[in-house]
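Just so it is clear, none of the values below were taken in a lab; they were calculated from the coordinates. All figures in this text were calculated on a predicted structure; none of them were measured in a lab. FYI the Cβ positions are ideal-geometry reconstructions off the backbone, even for glycines, and counts take in every protein chain you see.
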Amino acid sequence: MDAAAFTQKFPQTETLASIDMPTFKVANAELVEVVRYLRDTQGFDLLADLCGVDWPQRTPRFGVVLHLLNTSKSEYVRLHVACEEDAVPSVSAIHPGANWHEREAYDMFGIRFIGHPDPRRILMWEAYPYHPLRKEFPLAGIEVPFPAADVAAVTGQKVEPAPMMGGPFVSGGGHMSNAEPQALDQSWNEEKPKS
């Protein structure tokens, strides 16, 4: 890829230092045009990854990083784009594989993708009030009532909370056929029914 010609075509694009692949900071308003150009004229025909990033000390705080692959030349390019009002344009019309990546970035960071065809959460339930990959979200999580009634209505089964035991995984030891990883028994920390 000719970085000089690329930045000349898109003057708002900046080249960023990188040791592994050409990396560019792209203007939010030009993201769709840049991704289409890279696909149609430069052969970057596969969106390999798209993820959100959270820099609390920066303005704007959120950004999106895309990795595109030219499958015929085995070359990658990385694009950084800053969110404007926690949003960037969706590239799922150009690379359909971006659909679930963008939904995950919305779910985990709260980044909205303008023009996305199905902007629902993908990992957490729709009414979940947090975005778990934001830097202020505690590692231990925040206890929130799970909408078990909603799940039960769909599945027709009673939903029990998962036991808080297991892990870290340990080997069964002995012969390899018996060495299937298993959860370490931590049942001692569960509340026992009173007899």
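Which value, in debye to the nearest 20, describes the size of the charge dipole of the range 1-71 about its Cα centre when Lys and Arg Cβ atoms bear +1, Asp and Glu Cβ atoms bear -1, and nothing else is charged?
Working: 6 positive and 9 negative charges, 42 e Å.
Dipole magnitude for the range 1-71 comes out near 200 debye.
Taking label points 7 Å from Cα along the Cα-to-Cβ direction, W100 and Q12 give a separation of 3.2 nm.
Express in nm, to one decimal, how much length is gained between E33 and L123 on full extension, taking 0.36 nm for each residue of separation and deducting their alpha carbon distance. Each step should come with its number before you reach the end.
On the way: separation 90, 0.36 × 90 = 32.40 nm, distance 2.93 nm.
Computed gain between E33 and L123 is 29.5 nm.
Mean separation of Cα pairs under 8 Å and 6 or more residues apart, divided by the residue count, gives the range 3-144 a relative contact order of 19 percent. For T23, the residues whose amide H sits under 5 Å from its own are L16, R78, ignoring neighbours fewer than 5 places away on the same chain, with H placed 1.01 Å from N.
Taking the Cα centre of the range 3-144 as the origin, how large is its charge dipole in debye, to the nearest 20, when only Lys and Arg (+1) and Asp and Glu (-1) carry charge on their Cβ atoms? Let's see the in-between values first.
Working: 14 positive and 19 negative charges, 39 e Å.
The dipole of the range 3-144 has a size of about 180 debye.
Each residue, E75 and E136, gets one label point 7 Å from its Cα in the Cβ direction; the gap between the two is 4.3 nm. Annotation for D49 and A5: the two label points, set 7 Å from Cα along the Cα-Cβ direction, are 2.8 nm apart.
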